[in-house]
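Structure first, then comments.
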Amino acid sequence: MKEKIIEKASEMFLSLGFKSVTMDDIASELGISKKTLYKYFNNKYALVEESTGVLHSSCLNIIEKITEQGFNAIEENFEIKKVFKEMFQNASSSPIYQLKKYYPKIHKKTMEKEVVLFSECLKKNFTKGIAQGYYREDINIDLVTQFYFSLVFSVHENTLENHKIPKLEQEALAYHTRAIATKKGILELENQLKNNQL
């Protein structure tokens, strides 16, 4: 039952927002009493905390599945972006923006985890891209990881309207790729931008 509650709450938080969804709403959607809900979660804060943890893990699983599919380094980034766009398409406003605004402590904890795990994914992508000849050999992987991470999360943390995010994310990805790509990488980037027009 606990998993069911987290799953439904995550879905509702993403589409309706962390602030507007109440414990009553979640209980009603699940067809259970509030008493049953409070048996598993003392308050909404605890449920938001668990839900963000589960969302974080599922995002990581998605990335790992994509990286196992044999895409080249640049294509891989566009595939990841595509999946996240679908995942968050029903959200009216940026979930990360809302989390930061209404649950700053959970946001801080989540971001600390994101930095560690997603930095590893980015570093793997850079290493792969260098080996494939898409990224320049002279890039400072640690520094570029920090730059890209800051760029992507500033888009999410400072953007209220979720519909703007896919466009901004694509701009950030293109900007980042151009900065580290070889001529071969630029050609692949142009190809991806043509195939992923928003």
(message) I need every pair where a residue in segment 75-99 that is under 19 Å from Gln197 (Cβ atoms) has its Cβ under 6 Å from the Cβ of a residue that is assigned to a helix (DSSP H, G or I) and at pLDDT below 85, sequence separation at least 6 or different chains.
(response) Lys85/Pro166
(message) Let me confirm something: among Glu169, Glu188, which residue is surrounded by 16 or more Cβ atoms within 10 Å (Cβ to Cβ), acidic (Asp, Glu), closer than 20 Å to Val115 by Cβ and in contact with a helix residue (DSSP H, G or I) (Cβ under 8 Å, 6 or more places away or on another chain)?
(response) Glu169
(request) Find all pairs meeting these conditions: Cβ atoms under 8 angstrom apart; at least six residues apart or on different chains; first residue within segment 21-33 and within 13 Å of Leu47 (Cβ to Cβ) and in contact (Cβ under 8 Å) with a residue 24 or more places away in the chain; second residue part of a helix (DSSP H, G or I) and of a type in the set (Ser, Thr, Tyr). (result) Met23/Tyr38
(message) From the list Ser51, Ser10, Ser15, exactly one residue is surrounded by fewer than 19 Cβ atoms within 10 Å (Cβ to Cβ) and hydroxyl-bearing (Ser, Thr, Tyr). Which is it?
(response) Ser15
(message) Of everything in segment 6-43, what is within 25 Å of the chain's Cα centre (by Cα) and among the small types (Gly, Ala, Ser)? Give them in sequence order.
(response) Ala9, Ser10, Ser15, Gly17, Ser20
(message) Residues that are crowded, with 19+ Cβ neighbours inside 10 Å, in contact with a helix residue (DSSP H, G or I) (Cβ under 6 Å, 6 or more places away or on another chain), of a type in the set (Phe, Trp, Tyr) and in a helix (DSSP H, G or I): does segment 74-89 have at least one?
(response) yes
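Each row is one residue, and each column tells you yes or no for (1) within 30 Å of Lys101 (Cβ to Cβ); (2) touching a residue at least 12 places away in the same chain (Cβ under 8 Å).
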| residue | (1), (2) |
| --- | --- |
| Leu122 | yes, yes |
| Asn140 | no, no |
| Val155 | yes, yes |
| Gln170 | yes, yes |
| Tyr175 | yes, yes |
| Lys184 | no, yes |
| Glu188 | no, yes |
| Asn191 | no, no |
(message) Of the conditions (1) more than 16 Å from the chain's Cα centre (by Cα); (2) loosely packed, with under 14 Cβ neighbours inside 10 Å; (3) assigned to a helix (DSSP H, G or I); (4) among the small types (Gly, Ala, Ser), Gly70 satisfies every one except a single condition; which number is it?
(response) (3)
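The values are calculated or read from the model by the stated rules, or taken from the named source; none is laboratory data. Note that the structure is predicted; figures quoted are calculated from it, not measured. So basically every Cβ, Gly included, is an ideal-geometry build from the backbone, and we count neighbours across all protein chains shown.
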